[in-house]
Amino acid sequence: MNTPFPYRVGERLVSIDNVCVSYGRPVLRGVTAHIDNIIRDGMAQGQVVCLLGPSGIGKTQLFRCVAGLQKPTSGGVYLNGKRTPVAPGEVGVVAQAYPLLSHRSVLGNLLVAARRKCTSAREAQDKSMAMLEEFGMADKALAYPASLSGGQRQRVAIAQQLLCSSHFLLMDEPFSGLDPQAKSTVCDTILKVATVDELNTTIVITHDIDSAIRIADTIWVLGRDFDAQGQPMPGARIQSTVDLISRGLAWHQDIESSPAFFALSKELKKQFVTL
């Protein structure tokens, strides 16, 4: 299945260079990957990368390193071609619980985030309302988090993080515990993020293979190596990178109904057994 969408590769946005994390015993061992800007003429095409791996493999440790919340034992994570390690706040983090300030309205929550980067109250107000419009939440501007559905809370949390970060967003297991319809809604929201700004780059940490294929243009598979006796070696690294664009699986509606989708899903599920 070939992609009918012409594109070109632009500048380097994220570099993960030989990241190692050890607590006496390796958890991550030489994790190396990168994300480049994907350019499609006439439209905003942000990047969506999914990090797949079984539970307990080290996804959370890598998540924290990419977010700047944890310093690797060695190696580093760098943004926008710089050689200064990522700092806390440069990458937005959307946790599973979508924590929002309960005593502030939806708009109030966004204003708190926007004021971290905006030079005036008016700019913060305008950018916050524009973000609510993008996510179809303008009518909820004066509502409070307690009155929102889970999906609405997630959209507000994403908007909040996009306002205060530099186009980079990390999402931790956004499909966990959801029914098929709710998963579909989350997928649509993540794909929406990619069209808000060409530089928006979302990394989704998940073990949901089918949802990852539906939304990603690149998949990283995190797992362990095995020694000559077939025993797992301590410390995970990226075992494979799946380019869904070159496979013709990116940017299609209803891709989950295609034979290529099922073939890749089967391939990745088979690989999971070996991780």
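The values are calculated or read from the model by the stated rules, or taken from the named source; none is laboratory data. The structure presented is a predicted model; accordingly, all values stated were derived computationally and were not measured. Don't worry about glycine lacking a Cβ; one is built from the backbone with ideal geometry, like all the others, and counts go over all protein chains shown. Calculation scope for accessible area: heavy atoms of the full protein, side chains included, ligands and nucleic acids excluded. Shrake-Rupley method; radii C 1.70, N 1.55, O 1.52, S 1.80 Å.
Values computed for the structure shown
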| item | result |
| --- | --- |
| Residues of the range 20-64 satisfying the condition of being touching a residue at least 12 places away in the same chain (Cβ under 8 Å) and more than 23 Å from ASP243 (Cβ to Cβ) | CYS20, VAL21, SER22, ARG25, PRO26, VAL27, ARG29, SER55, THR60, GLN61 |
| Set THR241, THR218: member being in contact (Cβ under 8 Å) with a residue 40 or more places away in the chain, over 18 Å from PRO26 (Cβ atoms) and crowded, with 16+ Cβ neighbours inside 10 Å | THR218 |
| Unmet criterion (only one of (1) within 28 Å of ASP188 (Cβ to Cβ); (2) out of contact with any Lys or Arg (no Cβ under 8 Å at 6 or more places or on another chain); (3) exposed (fewer than 14 other Cβ atoms within 10 Å of the Cβ)) for PRO6 | (2) |
| Number of the exception - SER165 against (1) among the small types (Gly, Ala, Ser); (2) open to solvent by 10 Å² or more (accessible area, probe 1.4 Å); (3) modelled with pLDDT under 90 | (2) |
| Contacts under 6 angstrom Cβ, first residue in the range 84-111 being farther than 20 Å from ALA130 by Cα, partner β-branched (Val, Ile, Thr), 6 or more apart | VAL86/VAL77 |
| Qualifying positions in the range 127-149 - among the acidic types (Asp, Glu) and farther than 13 Å from LEU163 by Cα | GLU133, ASP139 |
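Here is a yes/no grid of residues against (1) open to solvent by 10 Å² or more (accessible area, probe 1.4 Å); (2) among the small types (Gly, Ala, Ser):
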residue	(1), (2)
VAL14	no, no
VAL19	no, no
VAL31	no, no
ASN37	no, no
GLY76	no, yes
ARG83	yes, no
LEU111	yes, no
GLN125	yes, no
SER128	no, yes
